[in-house]
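J.: Questions regarding the structure given below will be posed in turn.
The values are calculated or read from the model by the stated rules, or taken from the named source; none is laboratory data. Quantities reported herein were computed from a predicted structural model and do not represent experimental measurements. Cβ: placed from backbone, ideal geometry, glycine included. Neighbour counts: every protein chain shown. Accessible surface areas use protein heavy atoms only, side chains included; no ligands, DNA or RNA. Shrake-Rupley method; radii C 1.70, N 1.55, O 1.52, S 1.80 Å.
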Amino acid sequence: MIINERSNRPDRALDVAMKMLNAARTAPKGRGFDYVEAAVVTGDDINRLSDEMLRLFAETGKPVFNRDGYNILKAEAIVLIGVQKKPIGLNCGFCGFPTCAEKPALAPCAFNGVDTGIAIGSAVALAADLRVDTRVMYSIGVAAMNLEMLGKGVSLVFGIPVSCSSKNPFFDRQP
């Protein structure tokens, strides 16, 4: 049997994306509370994300949604990583409020953002180790939050498109 490298790129990209979920899940979290949410998007759901990004461009005029909305169509898979907005009870004041009880419900706990960042770093480090092209994009996360792809109320979502092409399509992006 001969398996040409070009014939199974989507399968290999999906395999790496699934491993990226594991890296995000096992990343360290503040006080050990696991509020991170993660998923892989493929196929028609990538098109749904793209459509929402283009809608956001039309609504806001922000060029990033237009550029990235088209760019993600080159991905074989997209990893989404976000977090539930829940304080971890340190009363540290990092969020700008003296205690967790005084923090407004809409304001995320500072550790929610830190946990999201560490999970993203772990996921993209694994992808880099496996020589798969990625890029962290907030624009994907905004669209994914609007579509509630990680569930209702999940915030600080970022998207990481994954590709096994000969050149990373997520750099040198055209406006």
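J.: Residue by residue through the stretch 25-31, what is 3J(HN,Hα) from phi via Karplus (6.51 cos²θ - 1.76 cosθ + 1.60, θ = phi - 60°)? Round to whole Hz and write x for glycine and proline.
T.: 5, 8, 5, x, 9, x, 6
J.: In the chain, once you exclude exposed GluC sites (Glu not before Pro) (DSSP loop, at most 12 other Cβ within 10 angstrom), what's the longest stretch remaining?
T.: 1-101
J.: Quick check: net charge around Leu54, other residues with Cβ under 13 Å of its Cβ, Lys/Arg +1 and Asp/Glu -1?
T.: In short, 0.
J.: Follow-up. Tell me the per residue accessible area of the chain using a 1.4 Å probe; a whole number in Å² is fine.
T.: Result: 52 Å² per residue.
J.: Could you work out the local net charge near Gly159, counting Lys and Arg as +1, Asp and Glu as -1, over the other residues with Cβ closer than 15 Å to its Cβ?
T.: That sum, taken over residues with Cβ under 15 Å, equals -3.
J.: Can I ask one more? Roughly how many nanometres apart are two label points built 7 Å out from the Cα toward the Cβ at Ser166 and Arg131?
T.: 1.5
J.: Please give, to one decimal in nm, the separation of the simple spin-label points placed at Val114 and Asp15, each 7 Å out from Cα toward the Cβ.
T.: About 3.7 nm, to one decimal.
J.: Once neighbouring chains are kept in place and the probe is 1.4 Å, which whole percent of the accessible area of the chain is contributed by carbon and sulfur?
T.: 56
J.: Could I ask something else about it? Under the Karplus relation 6.51 cos²θ - 1.76 cosθ + 1.60, θ = phi - 60°, what is the ordered set of whole-Hz ³J(HN,Hα) values for the stretch 42-51, x standing for Gly and Pro?
T.: Ordered by residue, 3J(HN,Hα) equals 9, x, 4, 6, 5, 5, 4, 4, 4, 4 Hz.
J.: What does the net charge come to around Asp11 if you take all other residues with beta carbon closer than 15 Å to its beta carbon, with K and R at +1 and D and E at -1?
T.: With Lys, Arg at +1 and Asp, Glu at -1, the neighbours total +1.
J.: Mind checking which aspartates and glutamates have their C-alpha under 12 Å from Lys19, skipping anything on the same chain fewer than 8 residues away?
T.: Partners within reach: Asp129.
J.: Taking one equal scatterer on every alpha-carbon of the stretch 84-175, how large is log10 of I(q)/I(0) by Debye at q = 0.14, 0.21 1/Å?
T.: Results for the stretch 84-175 at q = 0.14, 0.21 Å⁻¹ read -0.63, -1.04.
J.: So how much slack lies between Cys92 and Asn146, counting 0.36 nm per residue of separation and subtracting their Cα-Cα distance, in nm?
T.: Taking Cys92 through Asn146 to full extension adds about 16.4 nm, to one decimal.
J.: Something else now. Quickly estimate the mean residue ellipticity at 222 nm for the chain, helices only: each DSSP H run with n ≥ 4 gives -39500 (n - 2.57), and the total goes over all residues, rounded to 500.
T.: Roughly -14000 deg cm²/dmol at 222 nm, from the helical runs in the chain.
J.: Now a separate question. Which trypsin sites (Lys or Arg not before Pro) from the stretch 88-175 combine a DSSP loop assignment with at most 16 other Cβ atoms within 10 Å?
T.: For trypsin sites (Lys or Arg not before Pro) across the stretch 88-175 that sit outside H, G, I, E and B with at most 16 neighbouring Cβ atoms in 10 Å, the list reads Arg131, Lys152, Lys167, Arg173.
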